[in-house]
1. Starting from residues that are of a type in the set (Ser, Thr, Tyr) and outside any helix (DSSP H, G or I), keep the ones in the stretch B:295-310 and report whichever is farthest from the chain's Cα centre (by Cα).
2. For B:Val313, indicate whether it is assigned by TED's automatic domain parsing to the domain that holds B:Leu299, assigned to a strand (DSSP E or B) and modelled with pLDDT of 90 or more.
3. Could you please tell me which pairs satisfy a Cβ distance under 6 Å, a separation of 6+ or placement on different chains, a first residue in the stretch B:181-207 that is free of Cβ contacts under 8 Å to residues at least 60 places away in the same chain, and a second residue that is outside any helix (DSSP H, G or I)?
4. When you scan the stretch B:73-108, how many residues do you find that are of a type in the set (Val, Ile, Thr) and buried (at least 18 other Cβ atoms within 10 Å of the Cβ)?
5. Just name the residue that is surrounded by the fewest Cβ atoms within 10 Å (Cβ to Cβ) out of those in the stretch B:222-241 that are farther than 20 Å from A:Pro103 by Cβ and at the interface with chain A (Cβ under 10 Å from one of its Cβ atoms).
6. Which one is farthest from A:Pro106 (Cα to Cα), of the residues in the stretch B:202-221 that are more than 52 Å from the chain's Cα centre (by Cα) and within 7 Å of chain A (Cβ to nearest Cβ)?
7. Going by what's in this entry, would B:Ala303 be described as within 28 Å of B:Lys410 (Cα to Cα) and either at pLDDT below 95 or in contact with a Gly (Cβ under 7 Å, 6 or more places away or on another chain) (or both)?
Amino acid sequence: MQRVGIIDDDNRVRFSVQVLLEVSGFDVETFASAEEFLASQDFSRFGCLIVDFRLPGLNGLELLRILKRQQVLTPTVVSSGFITESEEADFIAAGASAVLHKPVEPNQLVGTIKDMLTLGGDLQDPPYSEAG
Amino acid sequence: MPEAPLPLDEPVRLGALRGLDILDTPSEGAYDDIVKLAAELCETPIALISLVDEHRQWFKAAHGLDAKETPRAFAFCAHAIHAPTEPLIVFNAEQDPRFSDNPLVTGEPNIRFYAGIPLVTKSDQQPIGTLCVISDEARELSDEQLKTLTVLANHAEKLLHLREATKQLMNQQFELQQQQHELARLGRLSLAGELVAEVSHEMGQPLYAISALSATLEVMNEQRGWEYGRTSVLIGRLQEACSHAGQILTRLRQFVRNVPPEFETCDVNEILGTTVEFLDFQCRRNEVDIQLNLASSPLKVHANSAHLQQVAVNLFINAFEAMGDVEPSERALRVTSRQEDESIVVEISDSGPGLKVSDEAAFTAFRTTKADGLGMGLSICSRIIENHSGSISASSRTGEGATFRIELPKAG
């Protein structure tokens, strides 16, 4: 089962989302900042990332751009408080698969993560692998 | 015995009398001197400054009489005030149908002779009482004596006019204070309005945690996955998130609450500390490094602490906004406090681009637009500081940030 990475500086939110995803059957790893996540190396273990918009140091958008440059294709969900439509468009342009608004409805979060993991599986499996 | 008919505009007259706020006040030398002189010069045993209210005449000054008041029904003065521009003179009360059966004539103090000059208020021109001389012997009053009594009455009237003016000034000052207080409160509400986006974001955090935790418990319930240790941790976290949300609201409510307009001795360092706590979330979100350099001992001022905190919050928020375009690593807010002679000085400096308007214009309401990061907030700040007998000034150099300096008198 592929892992979900949570990048959020608020330890209350980090913990709550972690336990929710864990009881929902996901394997979870958490990070308090974008820098901490980037330092963890080898992103292939993640099937999906949940990134907070506002982070100390590198913010969510900057993290997405770095991942895009490094050609990390892991599907990413951005969770944010108030953001404008143009900010939301920036996230999508930077590679976000979905933007969820805080407080995120738990069923929506779990549903989105499930979809992402399926999507990620499709993307990361080499196409026509059976043909070889 | 006919009672004196009530003057036509009695409610106005009583209003004018009450406005003076003089009834039942202690005696005052200036009024005492006038009645003493009146008695001496008119050669009567009794002289009074009598004020007529609804039910009685009350004596602001009395010479030769121990009573402080008598019922209005028996008062000669109640008759005198009906003709505010003329003296009332009764040479022999025993033979005057208006007064012959008056208990003050038939019994003590056996009034026979009465001469009273009405006293009229300045703004409403209302007769509120008299300066009068009284004797227990029927007699005449010479022209000279009447002239003297009139001059003395004018003096008494001048004293009352002075009191009237003082009262009006005090009322105006009180109203002004109320207005300034209300303005300060509106300023806090408007500041709170500016914080709405931040506060909703902040509230979103515990609410997100609460919904995720309760959903977790729901899933565990469905899976019959109850484990004592695990659930108690989750419940603990839930309670923590709830109280966190409560704290956010309490803090905001505290800030906009209608504080009493009183001044008390408070510590400027403590106010600055509370402000840093209040804006902790905004500060972290805006990635501003706060450098506190406060005096090591308390800096006591005589102030309304809620108003001073409002000024501090305003200046902090302005600074955050001013540094919006600055690299996060360069965003610093320096707060210093110290005592300089008899003054307490607070300086709040940002590392923004400096003020876009002249240093003085920053404090003029509506002069600047919100795009400059300065609104009417600063003009309210400057009024609050003025109200505290202090001063606030701004200085900035392009590219080197802005510094706001507040000076308040040290509490005696």
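1. Residues of the stretch B:295-310 that are of a type in the set (Ser, Thr, Tyr), as a first pass: B:296-297, B:305.
Retained after the next criterion (residues that are outside any helix (DSSP H, G or I)): B:296-297.
Working: B:Ser296: 33, B:Ser297: 31 Å.
Among residues in the stretch B:295-310 that are of a type in the set (Ser, Thr, Tyr) and outside any helix (DSSP H, G or I), the one farthest from the chain's Cα centre (by Cα) is B:Ser296.
2. Values: assigned by TED's automatic domain parsing to the domain that holds B:Leu299: yes; assigned to a strand (DSSP E or B): no; modelled with pLDDT of 90 or more: yes.
Criteria not met by B:Val313.
3. These pairs meet every condition: B:Ala197/A:Phe82; B:Gly204/A:Gly81; B:Gly204/A:Lys102; B:Gly204/A:Pro103; B:Gln205/A:Asp10; B:Leu207/A:Pro103.
4. Applying the first criterion (of a type in the set (Val, Ile, Thr)) to the stretch B:73-108 yields B:81, B:85, B:89-90, B:105-106.
Add one more test, that the residue is buried (at least 18 other Cβ atoms within 10 Å of the Cβ), and what stays is B:81, B:90, B:105.
Qualifying residue count, the stretch B:73-108: 3.
5. So in the stretch B:222-241, the residues farther than 20 Å from A:Pro103 by Cβ come out as B:222-233.
If we keep only those that are at the interface with chain A (Cβ under 10 Å from one of its Cβ atoms) too, we end up with B:222-223, B:225, B:230, B:233.
Numbers: B:Glu222: 9, B:Gln223: 11, B:Gly225: 13, B:Arg230: 15, B:Val233: 14.
Within the stretch B:222-241, the match that is surrounded by the fewest Cβ atoms within 10 Å (Cβ to Cβ) is B:Glu222.
6. Our first condition is that a residue be more than 52 Å from the chain's Cα centre (by Cα); within the stretch B:202-221, this holds for B:215-221.
Right, trim to within 7 Å of chain A (Cβ to nearest Cβ) and you get B:215-216, B:219-220.
Numbers: B:Ala215: 6, B:Thr216: 9, B:Val219: 11, B:Met220: 14 Å.
Of everything passing the filter in the stretch B:202-221, B:Met220 is farthest from A:Pro106 (Cα to Cα).
7. Details: within 28 Å of B:Lys410 (Cα to Cα): yes; either at pLDDT below 95 or in contact with a Gly (Cβ under 7 Å, 6 or more places away or on another chain) (or both): yes.
It is true that B:Ala303 is within 28 Å of B:Lys410 (Cα to Cα) and either at pLDDT below 95 or in contact with a Gly (Cβ under 7 Å, 6 or more places away or on another chain) (or both).
Here is a yes/no grid of residues against (1) part of a strand (DSSP E or B); (2) hydroxyl-bearing (Ser, Thr, Tyr); (3) in contact (Cβ under 8 Å) with a residue 40 or more places away in the chain; (4) more than 27 Å from B:Glu164 (Cβ to Cβ):
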site	(1), (2), (3), (4)
B:Phe99	no, no, yes, yes
B:Leu104	no, no, no, yes
B:Pro109	no, no, yes, yes
B:Pro118	yes, no, no, no
B:Gln125	no, no, yes, no
B:Gly129	yes, no, yes, no
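The values are calculated or read from the model by the stated rules, or taken from the named source; none is laboratory data. Quick caveat, the model's predicted, so the values are computed rather than measured. As a convention, Cβ positions derive from the backbone with ideal geometry for all residues, glycine included, and neighbour counts pool all protein chains shown.
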